[in-house]
Amino acid sequence: MIKESVISELSSILSNKRIGTSREMLKAYSYDGTTNWISEPDVVVFPSTAEEISAIMKIANTERIPVTPRGAGTCLSGGPVPIKHGIILCTINMKDILDIKKEDWTVTVEPGVVLMDLNTVLGRDGFFFPPDPQSFLSATIGGMIAENAGGPACLKYGVTRQYVLGLQVVLPTGEIIHLGKKNYGTPGYNLADIIIGSEGTLGIVTKAELKILPVPQARKTILGVYDDVALAGENVYRILENGIIPGKIELLDNWVINKFEDMMHIGLPRQADAVLLFEVDGTPEAVETEARGINEIAKRYGTREVRIAADADEANKYWMGRRAGFAAVFGAAKTVMAEDVTVPRGSIPDLIQNCKEIANRYEVEIVILGHAGDGNLHPSILTDADDRQHYERAEKAMDEIFSCAIRLGGVISGEHGIGLEKQRYLKRGIEPAVIDIMKNIKAIFDPNNIMNPGKIWE
Ligand SMILES: Cc1cc2nc3c(=O)[nH]c(=O)nc-3n(C[C@H](O)[C@H](O)[C@H](O)COP(=O)(O)OP(=O)(O)OC[C@H]3O[C@@H](n4cnc5c(N)ncnc54)[C@H](O)[C@@H]3O)c2cc1C
């Protein structure tokens, strides 16, 4: 428990209305997007400036109080859950878009800016911020940077890391530092890159300079229908090896297709073993050529049917379905283990076949969807944590999926982070010397281990 005197000090930094200790508040900040982890903080603070955060961190560092940064709390790996209690430092009041430089293609934002709000504002000037986690209605830029978030567009446009030019960061000691050199590269070690994807364990992002891009002139959505989910996986690299790089490629298996249809009636083929959703973007001419190309290549490699969306309404229907993907999966069982293993694209069919075999062997249902374009799939096991036998089988099945992904040359997390969920698997596929370097980096940034302690590292 935090001392009353510390709560008073925090109150005087923030003024009382931006600090919460009520039972309801502590409960509301005890969990994240979907995981089963629950742990209450002692206090929740809502700072508005880097200077306030610096003052809070100085107190926390002196008193050795754990601090867990938090944006919208949509994390899928337990990252914003205050597992060691202490302070939740929530950035949602820091939501200003500070500076858009159209001529430089950059925007400077505070960490609590919601992705959807950013793209709405940028869209008025004909720009967008490409990384697109499907939680974009609420995910904040700070959370995206901390998780190095990706999404369907990562195939052509890359993930958050590719768009961060500079960062202002408050260190656990309270010092405010600036990392990255906008547009000129970084002399010496690239410390901004270490902060990106560090899951709030090294410091708090309080400002970010980001690269933005002009909105493509045209887009088209194409739906490929498959009798075999592994064939859909193969079609991903067949399209790419033929020189077409769609903006997005998403894979949905039969279970997901039928769940969407039950929920939304969007006209997906219920009998298909899988569908691939492609979006091509660019000039109108390029979009037409690429859509025709996907149609031809997909049919050449065994696609049962190819639908090219007639207009934006039909395209939106399909993408709305995709966005509801996790909601559909998470609503379908008492407990869902939703993972995000990533393998080289050529190994997607192998991974899918292995998932099927693992599902049969452990008698569990494994649902597959994901950003297949860059090999990032979300095998999700439907289970029930209260049914010990089933849950143990599900755990063993997931363990094998991780091993399979590593065996195929992949990683255990492509975008959702390690957090609390995957700590015990982290050492697989990473050399001990590399783990040591990472731990030493953590100790340099955070000598007293107050910054999101208990995450990534047990
Ligand atoms: C329905 C659904 C769909 C999703 N789809 C995707 C997807 O397609 N791709 C994807 O990558 N992710 C996806 N996610 C996961 C999640 O939404 C992203 O990781 C998102 O970027 C998290 O943002 P947030 O603001 O909610 O962060 P939070 O959940 O609040 O925090 C995430 C992590 O970042 C840290 N953090 C937050 N703010 C800061 C800060 N200012 N400085 C330092 N650390 C900070 C926290 O401590 C925590 O460890 C999805 C989640 C849901 C619920």
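The values are calculated or read from the model by the stated rules, or taken from the named source; none is laboratory data. Since the model is a prediction, treat every value here as computed from it, not as a measurement. Glycine also receives a Cβ, built like all others from the backbone with ideal geometry; neighbour counts cover every protein chain displayed. Ligands, DNA and RNA are excluded from the accessible area calculation, which covers all protein heavy atoms including side chains. Shrake-Rupley method; radii C 1.70, N 1.55, O 1.52, S 1.80 Å.
Points worth noting:
- You will find that of 447, 453, the residue that is part of a loop (DSSP other than H, G, I, E, B), closer than 19 Å to residue 200 by Cβ, open to solvent by 70 Å² or more (accessible area, probe 1.4 Å) and not polar (S, T, N, Q) is 447 and no other.
- Flag if residue 426 is under 25 Å from residue 373 (Cβ atoms), out of contact with any Phe, Trp or Tyr (no Cβ under 7 Å at 6 or more places or on another chain) and either among the aliphatic types (A, V, I, L, M) or in contact (Cβ under 8 Å) with a residue 24 or more places away in the chain (or both): no
- Residue ranges of helices (runs of 4 or more DSSP H) in the range 288-372 with at least 1 members more than 22 Å from residue 219 (Cα to Cα), open to solvent by 10 Å² or more (accessible area, probe 1.4 Å) and away from the ligand (no atom under 16 Å from the Cβ): 348-362
- First in the range 373-390 and more than 16 Å from residue 408 (Cα to Cα), second anywhere and of a type in the set (S, T, N, Q), Cβ under 7 Å, 6 or more apart: 383/335; 384/335; 385/36; 385/335; 390/383
- Of the numbered criteria (1) surrounded by fewer than 23 Cβ atoms within 10 Å (Cβ to Cβ); (2) of a type in the set (A, V, I, L, M); (3) closer than 25 Å to residue 319 by Cα, the one residue 159 fails is (1).
- Picking from residues in the range 406-437 that are more than 16 Å from the ligand (Cβ to nearest atom) and more than 23 Å from residue 347 (Cβ to Cβ), the one that is least open to solvent (accessible area, probe 1.4 Å) is 435.
- Residue check for residue 173: open to solvent by 10 Å² or more (accessible area, probe 1.4 Å), more than 18 Å from the chain's Cα centre (by Cα) and farther than 23 Å from residue 419 by Cα: no
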